[in-house]
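Here the structure comes first, spelled out in structure tokens, and everything after it is commentary.
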Amino acid sequence: MAGASPFIPYEMGKYLLFLLLIGGIFKYRTTEWPAFWMVIFLIPGLLIEKSGEVSFLDIMFNFMGPLNAALAILFFRGKTVSKSMMLHYLRLMIYPMVAVFSYAIFRTPDIEEVEFSLSANSAAAGGFGSNQVSTGLGLAAFFVFIFWINRWRLTGFRWLDALILILFTVQGLLTFSRGGMMTGFLGVFVVLYYLRTASKIQITKYRLVRIGKYLIPAFVLILGSFFVVNRITNGMLFLRYQGETAGSYAGTKEKDLNLITSGRLDIFLGDLELWADHPVTGVGVAASRYLRERMTGVVAHVELSRLFAEHGLFGLAYFILLSYYGFKVVRSSPNPALSGLLFALFAVGLFTSFHAAMRTFVSPLMIGLSMLRISDPQQTKQPEKKDNQTFTPILVEGEDKK
């Protein structure tokens, strides 16, 4: 956003994550065979290139995301952290988003000068890509909501936590990029669902919040932000989230699923057509944008279809294993608050890949963190270890006293 390259290399996060994961895997001698096979399934795509136009940067741009996701599962799977340390991780992810929010605020013109239309608004994103900025702000809003709804300590003042949540939400909505904010709302829904379905015994045992007490305030915060931004934008926000575009609103274009998804449906179908033509090996990493008949030249926005088009059956096998790990997360802890948190992280990571592929390192990192086991001070009985599975504790602090 700050244009600091080459002093701070562009996409440095992807490369740092890769190096740290590789170092961690060797240091802890991590063995998780299904995740190892996920890495293996990606390799054939590097050996095939059927367009003749793919550059090295194209390969890095497309390949690092799924590779990091597999390595993150390989490293984090089975590792144990304390609840207090997990909360530290979440705080550390919120802090840089404060910087993103601040930069966007300083670079955004006066609201009266911003022309809001029925498309993404880079002006409210600080002049940077609205998709990436809204992804970061939506993720930050989701994390702050987790602290707020569970009464976990963030700033030490609940009113200030609520204010930060509103600011992240409002600025994210002003970008008019729907994918990032809808991903954050999905995480919120998952957390609320787990807390809502907790039994009375679980509420007492794990000292959970009684969701009925906070459900209405939570919806007031979220819906209130929607109404405020909708008023600021003269009703454009609601139209944007209804899938309207300038063409459909004027009546010159028919509103269909492809229009609502900003062309992602055509990209998805074009990738599936490529997969049908090259079912076994695919067309090779990064080649789909050059060979796709629909939306030619546009990078993939849905990681699932990109895996199929560029990796063929190997991409299908990769996604099956990824889904397998997702099902393992559903009931990863007897504490609904922690189980909901971990599954929400996986859902956020996966859903992000459906609107921004894995171009950012949000998907690999969220999916990786969802593989952790969180030790809970209220959890009196630990699950038994399987004979063939080793749980390696990392960075375990004292248990949360709250």
- Note on the structure: Counting Lys and Arg as +1 and Asp and Glu as -1 over every other residue whose Cβ sits under 13 Å from the Cβ of L118, the net charge comes to +2
- With unit charges on the beta carbon (Lys/Arg positive, Asp/Glu negative), name the residue among P44, I216, Y290 whose Cα is farthest towards the positive pole of the charge dipole of the chain. I216
- One-quarter of the Cα convex hull surface for region 252-336, in nm²? 7.5
- Item | Extent along principal axes [Cα atoms of region 53-105; Å; largest to smallest] | 48, 40, 9
- Message: Could you give each residue of region 359-372 its phi-based ³J(HN,Hα) in whole Hz, using Karplus coefficients 6.51, -1.76, 1.60 with θ = phi - 60°, and x for Gly or Pro?
- Response: 5, 8, 9, 4, 4, x, 5, 5, 5, x, 5, 5, 7, 5
- Query: Can you give the direction-averaged projected area of the convex hull of the alpha-carbon atoms in region 42-160, in nm²?
  - Reply: 12.0
- Rank G340, G263, G282 by mean-square fluctuation in a GNM of the chain with C-alpha springs under 10 angstrom and give only the top-ranked residue. G263
- Note on the structure: Quarter of the surface of the C-alpha convex hull for the chain, i.e. direction-averaged projected area in nm², equals 21.0
- Query: How large is ³J(HN,Hα) for each residue in region 73-78, as worked out from phi by the Karplus curve 6.51 cos²θ - 1.76 cosθ + 1.60 (θ = phi - 60°), to whole Hz, x for Gly and Pro?
  - Reply: 5, 4, 7, 7, 4, x
- Where only C-alpha atoms are counted, convex hull volume of region 214-274 per residue in Å³: 108
- Over the chain, with every protein chain in place, what whole percent of the accessible area is carbon and sulfur at 1.4 Å, could you tell me? 65
- Task: Project the alpha carbons of region 33-77 onto their principal axes and report the range along each, largest first, in whole Å.
- Result: 37, 17, 9
- Task: Determine ³J(HN,Hα), in whole Hz, for all residues of region 333-350 in sequence, where each value follows from phi through the Karplus function 6.51 cos²θ - 1.76 cosθ + 1.60 and θ = phi - 60°; x replaces Gly and Pro.
- Result: 8, x, 7, x, 5, 6, 4, x, 4, 5, 5, 5, 4, 5, 4, 5, x, 5
- For S82, distant residues with modelled amide H under 5 Å away: S375, E397
- Message: Under a Cβ-only charge scheme (Lys and Arg +1, Asp and Glu -1), can you give me the dipole magnitude of the chain about the Cα centre, in debye to the nearest 20?
- Response: 1960
- Scale the Cα Rg of region 107-173 by the rule-of-thumb value 2.2 N^0.38 Å and send over the ratio, two decimals. 1.26
- Task: Name the shape class, rounded, prolate or oblate, that the alpha-carbon gyration tensor gives for region 1-102, where a ≥ b ≥ c are the square roots of its eigenvalues, rounded holds for a/c under 1.5, and otherwise prolate holds if a/b is larger than b/c and oblate otherwise.
- Result: oblate
- Query: For the chain, with every protein chain kept in place, what is the accessible area per residue (1.4 Å probe, Å²)?
  - Reply: 48
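The values are calculated or read from the model by the stated rules, or taken from the named source; none is laboratory data. All figures in this text were calculated on a predicted structure; none of them were measured in a lab. Using ideal geometry, Cβ is built from the backbone for each residue, glycine included, and neighbour counts are taken over all protein chains shown. Areas reflect the complete protein model, heavy atoms only, side chains present, ligands, DNA and RNA absent. Shrake-Rupley method; radii C 1.70, N 1.55, O 1.52, S 1.80 Å.
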